[in-house]
Amino acid sequence: MAGALLWTTIAFLFAHELDAVRAREWRVLPLTAFLPDPTGRAVFIWAHVPLTLLMIWIAGQPAGGPAALALAGFAVVHLVLHLGYRHHPDHDFHGVGAWALIVIPALSGSAQIAIRLAG
């Protein structure tokens, strides 16, 4: 079960990052918000190369291990950040689809953490 939850978290985070390019998320992030769009987009996309590699590496680790639990925790924090930024004028994650890509990994991450705590 923990393995399926880990893969669910990773798959939805990957899909969210695709949507994040559509939503121009670099306009919201403090480290990139000041950049012109072409530069901000490039920095945002290139910064996701090591993040993607990290998630692929985590996928190869034990499902209940520390790396998987760190990603699970990140998925929950990620949701909290989006909730905090939802009123930012450049936060363009609207609709059920965009929010599902944010909420579902947080739910699967929470389930991973709960399984670990219960076990």
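The values are calculated or read from the model by the stated rules, or taken from the named source; none is laboratory data. This structure is a prediction, so every number in the text was calculated from the model and none was measured. Cβ atoms come from the backbone with ideal geometry, glycine included; neighbour counts cover every protein chain shown.
When you go through Leu117, Leu107 one by one, which is the residue that is free of Cβ contacts under 8 Å to residues at least 40 places away in the same chain and over 14 Å from the mean Cα position of the chain (by Cα)?
Every option except Leu117 fails the conditions.
Cβ-Cβ under 6 Å, sequence separation 6+ or interchain: first residue in the range 1-24 and within 9 Å of Leu101 (Cβ to Cβ), partner among the charged types (D, E, K, R) and modelled with pLDDT under 95. Which pairs?
none
When you go through Asp19, Asp37 one by one, which is the residue that is among the acidic types (Asp, Glu) and in contact with a helix residue (DSSP H, G or I) (Cβ under 6 Å, 6 or more places away or on another chain)? Quick ask: steps written out before the conclusion?
Working: Asp37 fails: in contact with a helix residue (DSSP H, G or I) (Cβ under 6 Å, 6 or more places away or on another chain).
After applying the criteria, what remains is Asp19.
Results for (1) within 19 Å of Ala20 (Cβ to Cβ); (2) in contact (Cβ under 8 Å) with a residue 40 or more places away in the chain, shown as yes or no for each residue.
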| residue | (1), (2) |
| --- | --- |
| Arg41 | yes, no |
| Ile45 | yes, no |
| Leu51 | yes, no |
| Met55 | yes, yes |
| Gln61 | no, no |
| Pro66 | no, no |
| Leu71 | yes, yes |
| Phe74 | yes, no |
